[in-house]
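I have placed the structure first, in the form of structure tokens, so that the comments after it can refer back to it.
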2 protein chains.
Amino acid sequence: MNDFTRTVAQLKDLIDAELMNAAPQIKPHSLYEPIRYFLGIGGKRLRPILLIFSAQAVGGKTDDALDAAVAIELLHNFTLVHDDIMDHDHLRRGQATVHVRWDESVAILAGDGLIGLAYRQLMKLPGQHLTTVCRLFTEGVVEVCEGQAYDKEFEALDDVTLDDYFRMIGKKTGRLITMATEIGAILGGGTEEEIAILTEYGSIIGTAFQIQDDLLDIMQSEEIIGKTYGSDVKAGKKTFLMVKSLETAGSSAWGKLKTLLNTSEITNDQLLEIRTLFDEMQIFKSAEDEIRHYFDTANRVLDKFPHPEATTGLRNFSEMLLNRKS
Amino acid sequence: MNDFTRTVAQLKDLIDAELMNAAPQIKPHSLYEPIRYFLGIGGKRLRPILLIFSAQAVGGKTDDALDAAVAIELLHNFTLVHDDIMDHDHLRRGQATVHVRWDESVAILAGDGLIGLAYRQLMKLPGQHLTTVCRLFTEGVVEVCEGQAYDKEFEALDDVTLDDYFRMIGKKTGRLITMATEIGAILGGGTEEEIAILTEYGSIIGTAFQIQDDLLDIMQSEEIIGKTYGSDVKAGKKTFLMVKSLETAGSSAWGKLKTLLNTSEITNDQLLEIRTLFDEMQIFKSAEDEIRHYFDTANRVLDKFPHPEATTGLRNFSEMLLNRKS
């Protein structure tokens with residue numbers, strides 16, 4: 001384990017502990033049991049770690065950023081619990097989702113409770129930053145809902161463009177990641193220039209992150225990814241792969257793909273066929289090129305940083321993201 | 001229409017307009033259409049009006065309190081949209097609930113969007129009050145979730161006591177009403193003593209309000225109340241009536257009541273039988289006595305106010321609540 005991996009593991013442990021501290025109550029059981037279950041089944045904790053690295057890049061300490069880091073992870077978990085209901089997903093982090101283990105009512109309320117706990121955590125911030133950060137956080141809540149709404153709307157549409165796709169993921173996924181770098185930079189005491197650079201950096205890796213997610217949905221096994229295999233394809237989600245393949249309509253592979261996608265219930269065998277067709281259409285290569293392009297761009301953004309040596313943590317973080325398998 | 005009724009109607013119009021301003025967006029349609037629909041089908045707007053009257057009682061102006069008033073109504077609407085899913089209610093304010101008119105996913109997301117909009121509205125408060133009010137508001141969000149969790153848990157229990165009942169409604173219903181008076185008093189510039197008195201007042205009328213709601217569920221027609229008739233009884237809710245009747249177990253009416261409640265699907269005819277049994281057991285009289293007792297107590301709390309004449313609005317408000325038919 002190198003120094004960076006060790007740092008990430010330590011931060012993850014710290015955040016895991018703080019998350020459980022954020023929900024110390026036992027009663028009512030039907031609220032706190034599912035919340036503690038979901039917070040306890042793991043998760044990569046990428047957003048809070050990114051928030052802390054962003055604070056450190058501008059000279060801040062972990063402690064300055066910890067409450068906001070925990071708040072952003074609670075907010076992320078709120079979106080996961082509710083999205084899993086809407087997307088009928090049964091697996092998350094290799095475990096049953098809340099609405100499967102309990103029921104939909106419990107999952108709705110657990111999500112609602114998580115957003116309350118997220119704001120409670122945020123309210124611990126020192127006065128001089130509270131208003132600014134709380135405003136950013138709130139705009140994030142609204143935008144994440146907008147992103148999820150577009151994502152659901154796109155399921156029924158066949159004419160989603162790459163522009164639509166990038167706007168949707170910018171809200172659904174990008175917003176929280178951008179918020180992590182921006183809030184981290186603010187809490188770390190960054191200058192306006194530093195905050196702007198880190199915000200831009202967050203926005204770019206957020207996009208790369210979602211394209212990776214789209215790829216992992218069909219490339220990775222359930223055991224490794226911990227989510228339902230091919231869930232996006234089965235739900236008719238307009239992922240990068242799907243929108244890109246719409247663009248190359250006309251090829252013979254496209255005709256076959258369309259027939260498969262129109263199947264009412266897509267089986268795992270059909271998912272493998274779809275995977276082969278994506279491959280023939282060079283869709284995976286496009287996605288990988290795109291991801292690489294975004295990570296290169298993100299690194300170039302960090303080059304503009306006044307003290308480039310301070311961005312080592314963030315560069316290692318990008319590298320870790322680039323190589324992620326789940 | 002007397003002066004007070006006119007004032008209430010004017011405030012309601014003002015709040016209705018501000019609620020629509022709080023959700024001006026059109027896209028994504030699947031998010032903002034249901035939000036605007038739900039905000040547009042009316043509602044008594046009791047919490048925001050109470051918040052404004054509380055601000056006025058301590059010498060504040062409507063404008064000082066308006067953003068928080070709108071925020072609390074948005075928060076209330078968030079709980080209604082989600083509770084209607086959990087409670088399988090099909091009618092609200094005489095119109096189809098969001099999950100019936102669209103579907104559960106749309107309703108989950110509309111509720112989530114509403115809480116984002118509620119905080120956005122709250123963030124407009126002037127700096128000197130923002131932190132305090134935002135903390136109170138956030139504790140309210142958590143407590144309302146706890147109250148709803150207890151309410152759902154109690155559906156499956158037969159040994160709910162009056163203590164359990166009052167704790168549950170204190171969180172589920174009382175918290176938002178207490179928050180309205182407390183935040184109103186803060187924003188109006190009240191002294192510590194005034195804030196404490198109005199908080200106590202809010203807590204008491206909140207309790208009375210929920211017992212009334214329990215009574216209206218079985219006493220009032222769908223046309224007038226705008227909600228599913230007998231929804232609480234059908235769901236096995238532990239209302240004041242139900243808990244009180246558990247206390248008088250042993251009477252012959254109680255035996256018949258228990259048989260009826262164990263029916264798998266309670267019909268409207270059976271609801272009428274249950275109503276008759278409640279009447280025989282003097283449950284309605286108990287509820288009415290209790291409501292009257294709480295309103296009397298609330299008025300006595302207002303007597304402690306440094307300038308009793310300033311509480312005329314609140315006293316009229318209590319009187320209006322006491323006589324409400326829906």
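On the basis of being on the phi < 0 side of the Ramachandran plot and surrounded by 18 or more Cβ atoms within 10 Å (Cβ to Cβ), does residue B:100 make the cut?
No: the conditions fail for residue B:100.
Can you tell which of B:97, B:161 is under 15 Å from residue A:108 (Cβ atoms) and of a type in the set (S, T, N, Q)?
After ruling out the rest, the residue left standing is B:97.
Only residues that are touching a helix residue (DSSP H, G or I) at 6+ places or on another chain (Cβ under 6 Å) and surrounded by fewer than 21 Cβ atoms within 10 Å (Cβ to Cβ): list them for the range A:110-128, please.
Once the filter is applied, which keeps residues that are touching a helix residue (DSSP H, G or I) at 6+ places or on another chain (Cβ under 6 Å) and surrounded by fewer than 21 Cβ atoms within 10 Å (Cβ to Cβ), the range A:110-128 yields A:120, A:123, A:124.
Tell me, which residue of the range B:1-17 that is surrounded by 18 or more Cβ atoms within 10 Å (Cβ to Cβ) and in contact with a helix residue (DSSP H, G or I) (Cβ under 7 Å, 6 or more places away or on another chain) is farthest from the other protein chains (Cβ to nearest Cβ)?
B:8
Of all residues in the range A:138-164 being of a type in the set (S, T, N, Q) and surrounded by 16 or more Cβ atoms within 10 Å (Cβ to Cβ), which is farthest from the other protein chains (Cβ to nearest Cβ)?
Top of the filtered list is A:148.
Find all pairs meeting these conditions: Cβ atoms under 8 angstrom apart; at least six residues apart or on different chains; first residue within the range B:306-325 and in contact (Cβ under 8 Å) with a residue 60 or more places away in the chain and over 17 Å from residue B:47 (Cα atoms); second residue of a type outside the set (A, V, I, L, M, F, W, C) and assigned to a helix (DSSP H, G or I).
B:306/B:193; B:306/B:194; B:310/B:56
What is the number of the single condition among (1) more than 14 Å from every other protein chain (Cβ to nearest Cβ); (2) touching a Phe, Trp or Tyr at 6+ places or on another chain (Cβ under 9 Å); (3) modelled with pLDDT under 95 that residue A:57 does not meet?
Every listed condition holds for residue A:57 apart from (3).
Could you go through the range A:92-103 and let me know if any residue there is in contact with a Lys or Arg (Cβ under 7 Å, 6 or more places away or on another chain) and more than 7 Å from chain B (Cβ to nearest Cβ).
Yes: the range A:92-103 contains one or more residues that are in contact with a Lys or Arg (Cβ under 7 Å, 6 or more places away or on another chain) and more than 7 Å from chain B (Cβ to nearest Cβ).
Taking only the range A:194-238 into account, find how many residues are among the acidic types (Asp, Glu) and touching a Pro at 6+ places or on another chain (Cβ under 9 Å).
Of the residues in the range A:194-238, 1 are among the acidic types (Asp, Glu) and touching a Pro at 6+ places or on another chain (Cβ under 9 Å).
Just for the range B:31-41: of the residues that are of a type in the set (A, V, I, L, M, F, W, C) and touching a residue at least 40 places away in the same chain (Cβ under 8 Å), which one is farthest from residue B:326 (Cα to Cα)?
Ranking the candidates gives B:31 first.
Specify the residue that is nearest to residue B:176 (Cα to Cα); the eligible residues are those in the range B:190-221 that are assigned to a loop (DSSP other than H, G, I, E, B) and modelled with pLDDT of 95 or more.
Once the filter is applied, the top-ranked residue is B:190.
Of these, B:224, B:186, which one is surrounded by 21 or more Cβ atoms within 10 Å (Cβ to Cβ) and farther than 22 Å from residue A:113 by Cα?
Only one candidate qualifies: B:186.
For residue B:153, only one of the following conditions fails: (1) more than 16 Å from the chain's Cα centre (by Cα); (2) within 18 Å of residue B:76 (Cβ to Cβ). What is its number?
All conditions are met except number (2).
Count, please, the residues in the range B:29-61 that happen to be buried (at least 18 other Cβ atoms within 10 Å of the Cβ) and either over 22 Å from residue B:95 (Cβ atoms) or of a type in the set (Val, Ile, Thr) (or both).
Residues meeting the conditions: 12.
What is the one condition in (1) surrounded by 21 or more Cβ atoms within 10 Å (Cβ to Cβ); (2) small (Gly, Ala, Ser); (3) in contact with a Leu (Cβ under 9 Å, 6 or more places away or on another chain) that residue B:107 does not satisfy?
(3)
Could you list all residues from the range A:117-127 that are within 7 Å of chain B (Cβ to nearest Cβ) and under 20 Å from the mean Cα position of the chain (by Cα)?
A:117, A:119
Can you pull out the helices (runs of 4 or more DSSP H) entirely within the range B:235-305 that have at least 2 residues that are loosely packed, with under 15 Cβ neighbours inside 10 Å and out of contact with any strand residue (DSSP E or B) (no Cβ under 6 Å at 6 or more places or on another chain)?
B:252-261, B:268-280, B:283-303
Let's see how each residue does on (1) within 21 Å of the chain's Cα centre (by Cα); (2) within 26 Å of residue A:310 (Cα to Cα):
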position: A:6; (1), (2): no, yes
position: A:46; (1), (2): yes, yes
position: A:77; (1), (2): yes, no
position: A:89; (1), (2): yes, no
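Which condition number does residue B:88 fail, the rest of (1) farther than 17 Å from residue B:133 by Cβ; (2) away from every other protein chain (no Cβ under 12 Å); (3) surrounded by fewer than 21 Cβ atoms within 10 Å (Cβ to Cβ) being met?
Just one mismatch for residue B:88, condition (2).
The values are calculated or read from the model by the stated rules, or taken from the named source; none is laboratory data. Here the structure is a predicted model, which means the values were calculated and not measured. For neighbour counting, all protein chains shown are included, and Cβ atoms are generated from backbone atoms with ideal geometry for every residue, glycine included.
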